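Here is the structure we will look at.
No value in this document is a laboratory result; all are computed from the given coordinates. These numbers come from a predicted model, not from an experiment. A quick note on method: Cβ atoms are made from the backbone with ideal geometry, for glycine too, and the neighbour counts reach across all protein chains shown.
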């Protein structure tokens with residue numbers, strides 16, 4: 001799946017690739033992960049991102065990979081528009097530590113608004129940025145689809161969509177093409193797939209209890 005094909009996630013059934021990675025034309029790559037979440041619903045997944053705070057909470061989702069959590073520009077009642085500042089390993093605690101700025105975006109920037117309105121689920125969308133440089137090396141969406149038994153997360157990562165981050169000047173395509181090979185290595189794609197599968201699996205096990213506890217307190 002290419003970034004411009006994300007509306008295919010609204011189609012019934014499953015796509016040809018739901019778990020794994022694929023090279024795309026122009027030096028891009030896509031990474032897909034499918035995780036079934038029994039007893040969960042899309043609203044609970046959205047609540048997780050609104051509730052998620054510092055490192056202690058963040059590490060619940062992947063204790064061995066996720067090391068640090070903070071927020072920038074947090075907006076009460078929504079994750080959209082805020083940036084999650086994280087330090088994390090990708091698949092294996094001895095892997096390099098990635099320092100990232102995950103800037104959550106409105107779904108309308110990724111999906112057709114009419115099809116999204118009719119969708120029984122939710123989508124978490126973000127630009128993946130670096131903490132130590134004003135560069136976004138990719139994009140991602142966590143597409144959640146409700147089911148009678150719970151819901152499922154169909155994660156899609158698009159490394160290689162390199163862009164500057166305001167107020168930095170725009171990166172021309174020649175510059176993006178030069179940076180792209182470092183963003184789309186097969187090893188990085190493998191690690192990202194493993195990490196995404198593991199972290200959503202952990203979340204699926206925790207989320208019903210966390211959600212219920214939070215709402216009982218309210």
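Would you check which residues across region 170-197 are in contact with a strand residue (DSSP E or B) (Cβ under 8 Å, 6 or more places away or on another chain) and part of a loop (DSSP other than H, G, I, E, B) and list them? Scanning region 170-197 gives 170, 171, 184.
Only one of the listed residues (137, 167, 159) is out of contact with any strand residue (DSSP E or B) (no Cβ under 7 Å at 6 or more places or on another chain) and either outside any helix (DSSP H, G or I) or touching a residue at least 24 places away in the same chain (Cβ under 8 Å) (or both). That residue is 167. Candidates in region 33-45 are the residues that are within 15 Å of the chain's Cα centre (by Cα) and crowded, with 19+ Cβ neighbours inside 10 Å; of these, the one that is nearest to residue 176 (Cα to Cα) is 33. Being within 17 Å of residue 161 (Cβ to Cβ), surrounded by fewer than 14 Cβ atoms within 10 Å (Cβ to Cβ) and free of Cβ contacts under 8 Å to residues at least 40 places away in the same chain, is that true of even one residue in region 5-13? The answer is yes, given that some residue of region 5-13 is within 17 Å of residue 161 (Cβ to Cβ), surrounded by fewer than 14 Cβ atoms within 10 Å (Cβ to Cβ) and free of Cβ contacts under 8 Å to residues at least 40 places away in the same chain.
Does region 145-153 include one or more residues that are touching a strand residue (DSSP E or B) at 6+ places or on another chain (Cβ under 9 Å), surrounded by 20 or more Cβ atoms within 10 Å (Cβ to Cβ), free of Cβ contacts under 8 Å to residues at least 24 places away in the same chain and closer than 18 Å to residue 34 by Cβ? Within region 145-153, none of the residues are touching a strand residue (DSSP E or B) at 6+ places or on another chain (Cβ under 9 Å), surrounded by 20 or more Cβ atoms within 10 Å (Cβ to Cβ), free of Cβ contacts under 8 Å to residues at least 24 places away in the same chain and closer than 18 Å to residue 34 by Cβ.
If you take just the strands (runs of 3 or more DSSP E) that sit entirely in region 1-115, which of them hold at least 2 residues that are under 30 Å from residue 215 (Cβ atoms)?
28-38, 66-72, 83-89, 97-105
Applying the set (1) out of contact with any helix residue (DSSP H, G or I) (no Cβ under 8 Å at 6 or more places or on another chain); (2) surrounded by fewer than 16 Cβ atoms within 10 Å (Cβ to Cβ); (3) farther than 17 Å from residue 6 by Cβ; (4) touching a residue at least 24 places away in the same chain (Cβ under 8 Å) to residue 102 leaves exactly one unmet item: (2).
Applying the selection to region 119-134, what residues are touching a residue at least 40 places away in the same chain (Cβ under 8 Å) and outside any strand (DSSP E or B)? Residues satisfying the conditions are 119, 120, 131.
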